[in-house]
Amino acid sequence: MFFQPEVETRDPAAQRARDDAALRRQLGYLFDRSPFYAGKLRAAGFGDAAACGGIETLPRLPFTEKDEIRRSQAEAPPFGTHLAADPAALARIYSTSGTTGDPCYMPVTATDLASWIEISSRSYTATGLRRGMRAVSTYNAGPFVAGAALDTIASLGVCHIPVGTGNTQRLIRALQLLKPEALLCTPSYALHLAEVLAERGIAADRLGVRRICVAGEPGGGEAEIRNRLEAAFGARLCEAMGIGDVSISLWGECDAQQGMHFAGGDHVHVELVDPATGEPVEKTDGATGELVYTALTREAVPLLRFRSRDHVVWWNAPCACGRTTPRVRCIGRTDDLVIVRGVNVFPTALRSVVAGFVPQVSGAIMIRPRARGVRQEPPLPVQVELGPGIAPPPGGLAAAIEAAIRTTLVVTAPVTLVPHGSLGRSEYKTKLLDFSDAE
Ligand SMILES: [Zn+2]
């Protein structure tokens, strides 16, 4: 089922032509309305919108980094010189969650908000939400951009049961008494919930959950995590991904479970670039790179070639669901990357390798680098939590995990096995890197 078949099954060449026209319009808007972009583009040698060209020449235009948006806001508070709409036209002002640095304000016009709801409606429909369904959510999203997801759930006609984070007991009661068919949470929280239900002797697969829609962090696409959650709940798991600055839920996975479909058609154009050089990467099946987004219709705070810091694998091959939109799987974020003597290691990739040892291990890990910063000298110490009831540790387990990490990721990572339950569980995003041992 599609939310907007004409967009989601459109010929990719036709979409590109539409993106080209929309980009040219948007560039005109930027020169007219955005002091930030008019100045930035002129400084880069582009005197007007015509000089910028269209989709073909987009890679010649400069990137936008999150730090520039922060600086723009600091220089011209509260919204920055990148505000392109009349302040009286703003419909809502979100905060960005500020995982790094000071929070930013994210104003949207009514049109921007409607676009976000349209985009995320495509994404959520792909992940299986339907009119009349009951869905329990565990996000405390109100002040943040993700709060607009609440509008989406309502506009889809889904019966929403918001329970928020911080109260697993309340969530379990809601699951038992209200029988929602869908569970919306982070993969970390779904794993935590499955553990708690097992400990309490509650059969998760008898609760009536048929859909687990995960978002907020990578993990839902990892085979071991997906299989474990699907088996525990007797449900199908699909993942979604958004990015606060660009749009809520911009990608959504369909029943074919072969990656998340792009849901931003006509509103957002996406590029794939080499994260090291910034050069375009050809979007072929299996290509990897960083996602770069250009808002095509944004009014309040437009973005041109915004670097997402999300690294993905890309596919165009036709999908069984009939969507013609490209698909991605997130590998990790630049912010989490460690480079061990030239080798890129995403903590989620290391977690995936360790997950191959379930049930001897629980799947929880913590990487504890010995030095601060992205660049590390080997070895890269890692704690691996044992599975429930696995004590003492089976002989040879640590060595077997180390060998698997070395073979798969080409990195030396001495493994310390720690008791079950000793690594923290998260109701939101799991932290996989701990620098407290670093010099
Ligand atoms: Zn599909």
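Remarks
- Hydrodynamic radius of the chain per Kirkwood, over alpha carbon pairs, in Å: 22.9 Å
- Scaled against 2.2 N^0.38 Å for its residue count N, the alpha carbon radius of gyration of the range 114-199 is 1.09.
- Solvent-accessible ranking of Ile93, Ile225, largest area first, probe 1.4 Å: Ile93, Ile225
- Residue ranges 104-115, 185-196 sort as 185-196, 104-115 when ordered by packing (mean number of other C-beta atoms within 10 Å per residue, highest first).
- Cβ-Cβ FRET estimate between Ala50 and Gln258, R0 fixed at 45 Å, reported to 0.05: 0.65
- Across the chain, C-alpha contacts under 8 Å between residues 6 or more apart give a mean separation that, scaled by the residue count, equals a relative contact order of 14 percent.
- Global geometry of the range 388-439, whether rounded, prolate or oblate, following the gyration tensor of its Cα atoms and the 1.5 cut on a/c: oblate
- Kirkwood Rh and Cα Rg combined as Rg/Rh, the range 338-437: 0.94
- Taking every Cα-Cα distance in the range 269-420 and sorting them into 5 Å bins from zero, the calculated P(r) comes out as 2, 8, 15, 16, 14, 13, 11, 9, 7, 3, 1, 0, 0 percent.
- The ellipsoid equivalent to the alpha-carbon distribution of the range 155-225 has semi-axes of 18, 17, 12 angstrom, derived from the gyration tensor eigenvalues as √(5λ) and listed largest first.
- Of all beta bridges that DSSP places with both ends in the range 338-437, some 50 percent have antiparallel geometry.
- Rounded to 5, the percent of DSSP beta bridges in the chain classed as antiparallel: 60 percent
- When you count the other C-beta atoms within 10 angstrom of each residue and take the mean per peptide, 304-316, 363-375, 63-75, 241-253 line up highest first as 241-253, 304-316, 363-375, 63-75.
- Accessible-area composition of the chain, carbon plus sulfur, in percent [1.4 Å probe]: 55 percent
- Relative contact order (percent, whole number), the range 338-437, Cα cutoff 8 Å, 6+ residue spacing: 33 percent
- For Glu299, the residues 5 or more places off, or on other chains, whose built amide H falls under 5 Å of its own are Thr109, Asp112.
- Straight Cα distances below 23 angstrom link Lys429 to the lysines Lys66, with same-chain residues fewer than 8 positions distant left out.
- Shape class of the range 232-304 from the Cα gyration tensor (axes a ≥ b ≥ c, square roots of the eigenvalues): oblate, since a/c reaches 1.5 or more and a/b does not exceed b/c.
- For the range 115-159, the gyration tensor built on C-alpha atoms gives an oblate shape. Its axis ratio a/c (a ≥ b ≥ c) is at least 1.5, and a/b is not larger than b/c.
- Helical runs assigned H by DSSP (4 residues or longer) give the chain a calculated mean residue ellipticity at 222 nm of -9000 deg cm²/dmol, each run adding -39500 (n - 2.57) before division by the residue total.
- Accessible surface calculations at 1.4 Å, restricted to protein heavy atoms, place the chain at 41 Å² per residue.
- Take every DSSP beta bridge whose two residues both sit in the range 93-180; close to 40 percent of them are antiparallel.
- Descending semi-axes in Å of the range 1-77, equivalent ellipsoid built from Cα gyration tensor: 28, 17, 11
The values are calculated or read from the model by the stated rules, or taken from the named source; none is laboratory data. Predicted model, so just to flag it, every value in this text is computed and none were measured. Here the Cβ is made from the backbone with ideal geometry for all residues, glycine too, and neighbour counts use every protein chain on show. Quick note on the areas: whole protein, heavy atoms, side chains included, nothing else; ligands and nucleic acids left out. Shrake-Rupley method; radii C 1.70, N 1.55, O 1.52, S 1.80 Å.
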